[in-house]
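Please read the structure below before turning to the comments.
Derivation of every value follows stated rules applied to the coordinates shown; laboratory data play no part. Note that the structure is predicted; figures quoted are calculated from it, not measured. Cβ sites come from the backbone with ideal geometry, for glycine too, and all protein chains shown count toward neighbours.
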Amino acid sequence: MTKFVTREGLAKIKEELENRKTTIRQGIASSIKEAKEQGDLSENAEYSEAKSQQSENEARIAELEFMLKEVTVVTHDTKTDSVQIGSSVTVEFNGSKMEFKIVGSNEASPAEMKISNESPIGKGFIGKKKGDKVEISTPNGTMKYEILDIK
């Protein structure tokens, strides 16, 4: 399945990858070196922890590199008036205004109101236009939204 990412999301993936390959990798190598200098590695908790961090970091690097090979960068088509990946959508829900940004699944962050195009809400908004009323079935029941604005 194709994974989509915005240009902003792609930049974050590249930034994290670069940080992990340089700063984090060097910090872990330094921790391993210090732990080795303490002598007996069989009972050295600092060495075990550093090796565990190294393993986790290398796994994340591999994951990010794979992601970069597999993602498709979407560009926001400013000529359309319908919701697409990259759109900021202002909606009314239960009398309150909310703004969501539709992003690829790798960028989703509900705390930042960034919702995946693969989520029930994201799927429900894709292709809709300003003024549309949208009913979305979620695990918490049916939610009713009215699209007020699309940027």
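Values for this structure:
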read-out	value
Restricting the stretch 43-52 to residues that are surrounded by fewer than 14 Cβ atoms within 10 Å (Cβ to Cβ) and farther than 20 Å from R25 by Cβ, the residue that is nearest to the chain's Cα centre (by Cα)	A45
Residue check, I115 touching a helix residue (DSSP H, G or I) at 6+ places or on another chain (Cβ under 8 Å), within 17 Å of D81 (Cα to Cα) and crowded, with 20+ Cβ neighbours inside 10 Å	no
Unique match (being part of a helix (DSSP H, G or I) and either without any contact (Cβ under 8 Å) to a residue 40 or more places away in the chain or touching a strand residue (DSSP E or B) at 6+ places or on another chain (Cβ under 6 Å) (or both)) among K12, K21, K33	K33
Test: residue in the stretch 63-84 that is more than 21 Å from G9 (Cβ to Cβ), touching a residue at least 12 places away in the same chain (Cβ under 8 Å), among the hydrophobic types (A, V, I, L, M, F, W, C) and in contact with a strand residue (DSSP E or B) (Cβ under 7 Å, 6 or more places away or on another chain)	no
Every residue from the stretch 112-133 that is under 14 Å from M98 (Cβ atoms) and touching a residue at least 40 places away in the same chain (Cβ under 8 Å)	F125
Failed item in (1) loosely packed, with under 14 Cβ neighbours inside 10 Å; (2) at positive phi, with D40 passing the rest	(2)
Looking only at the stretch 58-83, and only at residues there that are in contact with a Gly (Cβ under 8 Å, 6 or more places away or on another chain) and part of a loop (DSSP other than H, G, I, E, B), the one that is surrounded by the most Cβ atoms within 10 Å (Cβ to Cβ)	V83
